[in-house]
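*Asks:* What follows is a single structure, and I will ask about it in a moment.
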Amino acid sequence: MRLKIALILCVCSLLLSAQQKPSQQWLDQKFSMFIHFGLYSAYGGVYEGEPVTRGYSEQIQSFAGIFSDWYAWTAKEFNPVQWNPDSIVSLAKEAGMQSIVFTSKHHDGFCMYHSGYTDFNIVDATPYGRDMMKELAEACKRGGIGFGVYYSLIDWHYPQAYPISSHNADPLTPEHYAYNLRQVEEIMTRYGDISEIWFDMGSLTPEQSKGLYDLVNRLQPQCMVSGRLGNDYVDFAVMADNEYPDYRLGVPWQTAASMFDETWGYRSWQERGSVEEKVNEKIASLIRVVGAGGHYLLNIGPRGDGSVVEFERDVLREIGAWLKVNPLNLSSSWKNDPEKASYLSAEVSQSVIENGALSPQNATPLFGHSSLNYYAGYKSIIGYEWALPAGKRKVTPEITFTDNETGRKIILEIDGHKQPVTLQSASFKTERLPLNSVIWGKVFRKPGRGVFGNVEEEGVASVDLNTMGPEWEVVDNFQEGMIYTEEIQPRESVILLHEIESSRQQTAAVEITCGNGAYILLNGEYITAHLSPARISKQKELVLLPLRKGFNQLIIKYYNGFDETFSYGVNPLSAWKIYSQKLTSVTLDKKEDHIVWLRSGDATSSVSPLRLNNVKIKTE
C-alpha cells in the first residue's frame, strides 16, 4: 500500500502560525528574474583586449587582477543609457515571472543605488547620475510584481573590509559589519516593500548574522531573508549556484540559476548556442524546481549600456509563451502529462510500515539546507516521517535512544496529536556486539572537494576504489580508537572510507571524533551530517551503524570550517546502552493510514540538523 503526501502541507506544518513569513505573496512568486548588473558589466568579461576565462565575469576585478583604483575609474565612463526599468518589468511579466531580484551591491562594492555611506555608487560616481534601483523598485510596483534585492556581504572597495581573497568567504571586520548594517538599513527604509533580501558570501559570526537578520525583521517583517546570510539565520534556503536538489525539502527554498553556468554577469564572448535548446533547458529546470515545491530564480546579465542581451530576451519570451499554454498551477493538465508529472508532482510516495520499529532507515526523511556560509552548505535532516497501516485504533509509543540523545527535546506527532518529549530514562539495556562478528578492514583516504555537502560517494552502495580515480590512497597503520590531529586550512576537508566485514545483519556502534563538521554515509546512505554555528573545534558522537551481512563501507567527510587543525577518529564499541521511554497513548483517527512525525523540540533554526539518527519508535 502506498500513501501520497503533499509536500506543501509538510512545509506549512513546520512553520509557526504566529510567523509573518512566508507571506502568501512570496509563496506565489515561484518564478522570478535575477539581474546581475553593475560596474563589471562594462567590461563584458574582457580586460586589456583579452577574454578573462577564469571565474565569473561579474568578479572580473578579482580574476583579471585589476587594480582597485583602475577599476574604480571605470565608473567615470559607466553610463547605461539603454536601461529601461519599465521594459525590464514588462519582459519579466512576459516571461511569466512574478518578481525581480536586483543586485544592489556586488562583491566589488559598487552600489547600484544612491547610498549615503559611499560615493562609489551609480548616482555620485557615474555620468548616469540616477538611482537605478529606486527606479526599478517603482517600476515593479507599477507593474504589480514583487521587488527584491541582492546584497553582497563582502566588499572589495571598502577600506576597512578584507581584501580580495581566493574564496570570497571572508570574515567581516567590526567596521565592515557596521557599514553593512547601515547600508541594509537604508535599503530597507528607502525602496518600498522588499519581498526578499538575497545575502551572499562572507563568513559572518553568529552574532553578525543575527544582527542583520534582526534588522531586516524589524524594518520589514515580511521580507524573506536568504540562507546565505549564514549561521542558519534563514527564511528561505538557497541551493548552491545552479543546484537542483534531488531530495525532499521541508522549508521554503530557491534555486538560483544563471542563463549559462559559466557566468552571471554579462560576458560578450559567451558561446550562447541556440535559443530553442536554451529554452528547453530552462523550462525543464523550472518544472523540476517548482514541481518539487521550490522557487526558481533565473538570471539575466545586461550589457554595460543597460540593454538586455537579445539571446536572453528571446529565451525569456519563449518561456513565457510556453507558460501561457502550460501555466504553473499544478493543475490536472500538468499531472496528466507523464513528462510534466515526473517533475511537477509535489507529492511523495511513501511505504506504510506494517511491522517492526520505526527507524531512520525506514523513514521518509525531510531535509533543510543548513549553511554557515556558502562553502559550508549541506542538506540537513530536519525530520523523519512514517506511515502506519489502517486498522489501528490506539498506540502507546515507546522510544529507544542512546547516550548521544539523552537530554534532547523532541516532538512526536501522530495523526496531528503532538507530544513534546525530553529524552530521559533510567530504563536501559546494554547491547553487546557478538565477539568477532565485525572485522574492521582497510582504510582509504582522499581530499574532499567542493562545498561541505558535496560527497560524490553518496548514493553509491559500494564504492569501487579501482574505478573511482587515483585520489583514494590506503592509510597505512590506521588504528581504530586513536584520535588523530592534523593541520588543515579552513574550508578544506578529508574523506575517509572504512571497510567493514560483518558476519550477519546487525547493528554496530562507533564513537566518531570530528572537528567542526562531519558528513557520514554507510553503504552510500546518508546517516547524519552536522556543522555547528557554534564553531566547535572537537566533538564526539555515538553513531549506530545498521550493517548488512558481508561487506560494508563507512564514509566520513571531516570538514574544517574555521580552525588551523582538525581532529578525527573512529572507535568501534563492544557494548553500548539503549534506553527506552514509554510515552502517552494516542487514540488514532479513523482513516486509511496514520502519519507519524519525529522532529526536534530544541532546534535553534528551521534548518538545524536533527541528529536523532539513533532513535527508534515502537508502536505496538
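The values are calculated or read from the model by the stated rules, or taken from the named source; none is laboratory data. Keep in mind it's a predicted model, so treat the numbers as computed, not measured. Note that each Cβ is placed from the backbone with ideal geometry, even for glycine, and that neighbours are counted across all protein chains shown.
*Asks:* Of the conditions (1) over 24 Å from Asp314 (Cα atoms); (2) touching a Gly at 6+ places or on another chain (Cβ under 9 Å); (3) in a loop (DSSP other than H, G, I, E, B), Gly96 fails just one. Which one is it?
*Replies:* (1)
*Asks:* Which one of these is within 28 Å of the chain's Cα centre (by Cα) and among the charged types (D, E, K, R): Glu564, Glu480, Glu499? It would help to see each step written out before you state the result.
*Replies:* Working: Glu480 fails: within 28 Å of the chain's Cα centre (by Cα); Glu499 fails: within 28 Å of the chain's Cα centre (by Cα).
Within the list Glu564, Glu480, Glu499, the selection yields Glu564.
*Asks:* Can you run down the residue pairs with Cβ atoms below 8 Å, 6 or more apart or on separate chains, where the first is in the stretch 289-316 and in the same structural domain as Gly146 (by TED's automatic domain parsing) and the partner is at pLDDT below 95 and of a type in the set (S, T, N, Q)?
*Replies:* Gly291/Ser345; His295/Gln29
*Asks:* So which residues in the stretch 20-71 are in a helix (DSSP H, G or I), within 30 Å of the chain's Cα centre (by Cα) and without any contact (Cβ under 8 Å) to a residue 24 or more places away in the chain, if there are any at all?
*Replies:* Gln24, Phe63
*Asks:* Name every residue in the stretch 173-229 that is farther than 16 Å from Gly148 by Cβ and of a type in the set (S, T, N, Q), in order of residue number.
*Replies:* Listed by number, the residues that qualify are Thr173, Asn180, Ser203, Thr205, Gln208, Ser209.
*Asks:* State which residue is modelled with the lowest pLDDT when the search covers only the stretch 239-258 and only residues that are under 15 Å from Trp198 (Cα atoms) and surrounded by 22 or more Cβ atoms within 10 Å (Cβ to Cβ).
*Replies:* Applying the filter and picking the extreme gives Met239.
*Asks:* Can you pull out the residues in the stretch 583-599 that are closer than 26 Å to Lys429 by Cβ and either assigned by TED's automatic domain parsing to the domain that holds Leu249 or crowded, with 19+ Cβ neighbours inside 10 Å (or both)?
*Replies:* Pass one, the stretch 583-599, residues closer than 26 Å to Lys429 by Cβ: 583-586, 596, 598.
The answer is Val586, Val596, Leu598.
Residue-wise test of (1) among the basic types (Lys, Arg); (2) closer than 23 Å to Gln98 by Cβ; (3) touching a helix residue (DSSP H, G or I) at 6+ places or on another chain (Cβ under 9 Å); (4) buried (at least 17 other Cβ atoms within 10 Å of the Cβ).
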site	(1), (2), (3), (4)
Ile154	no, no, yes, yes
Ser165	no, no, yes, no
Met188	no, yes, yes, yes
Gly192	no, yes, yes, no
Pro206	no, no, no, yes
Tyr213	no, no, yes, yes
Val225	no, yes, yes, yes
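*Asks:* Taking the conditions exactly as written (in contact with a Gly (Cβ under 7 Å, 6 or more places away or on another chain), modelled with pLDDT under 95 and buried (at least 22 other Cβ atoms within 10 Å of the Cβ)), does Gln25 satisfy them or not?
*Replies:* no
*Asks:* Could you count how many residues in the stretch 72-98 are surrounded by 19 or more Cβ atoms within 10 Å (Cβ to Cβ) and free of Cβ contacts under 8 Å to residues at least 40 places away in the same chain?
*Replies:* Residues in the stretch 72-98 being surrounded by 19 or more Cβ atoms within 10 Å (Cβ to Cβ) and free of Cβ contacts under 8 Å to residues at least 40 places away in the same chain: 1 in total.
*Asks:* Exactly one condition in (1) in contact (Cβ under 8 Å) with a residue 40 or more places away in the chain; (2) farther than 30 Å from Glu431 by Cβ is not met by Ser537; state its number.
*Replies:* Answer for Ser537: the failing condition is (1).
*Asks:* Quick check: anything in the stretch 543-552 outside the structural domain of Ala387 (by TED's automatic domain parsing), closer than 18 Å to Glu405 by Cα and in a loop (DSSP other than H, G, I, E, B)?
*Replies:* no
*Asks:* Next question, about the same structure. List the residue pairs whose Cβ atoms are under 9 Å apart, where the first residue sits in the stretch 117-142 and is at positive phi, the second is not polar (S, T, N, Q), and the two are 6 or more positions apart or on different chains.
*Replies:* Matching pairs, first to second residue: Gly129/Ile122; Gly129/Val123.
*Asks:* Look through the stretch 46-65, keep the residues that are under 19 Å from Ser152 (Cβ atoms) and small (Gly, Ala, Ser), and return whichever of them is surrounded by the fewest Cβ atoms within 10 Å (Cβ to Cβ).
*Replies:* Gly55
*Asks:* Mind listing whichever residues of the stretch 455-481 are touching a residue at least 60 places away in the same chain (Cβ under 8 Å) and of a type outside the set (Gly, Ala, Ser)?
*Replies:* Val455, Glu457, Glu458, Val460, Val463, Glu480
*Asks:* Could you say which residue among Lys540, Lys577, Lys549, Lys582 is of a type in the set (Lys, Arg) and under 30 Å from Thr205 (Cα atoms)?
*Replies:* The match here is Lys540.
*Asks:* Over 30 Å from Glu458 (Cα atoms) and without any contact (Cβ under 8 Å) to a residue 12 or more places away in the chain: which single residue out of Glu281, Glu277 fits that description?
*Replies:* Matching residue, one of Glu281, Glu277: Glu277.
Here is a yes/no grid of residues against (1) among the basic types (Lys, Arg); (2) part of a loop (DSSP other than H, G, I, E, B); (3) not assigned by TED's automatic domain parsing to the domain that holds Asp170:
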position: Thr74; (1), (2), (3): no, no, yes
position: Ser90; (1), (2), (3): no, no, no
position: Val101; (1), (2), (3): no, no, no
position: Asp119; (1), (2), (3): no, yes, no
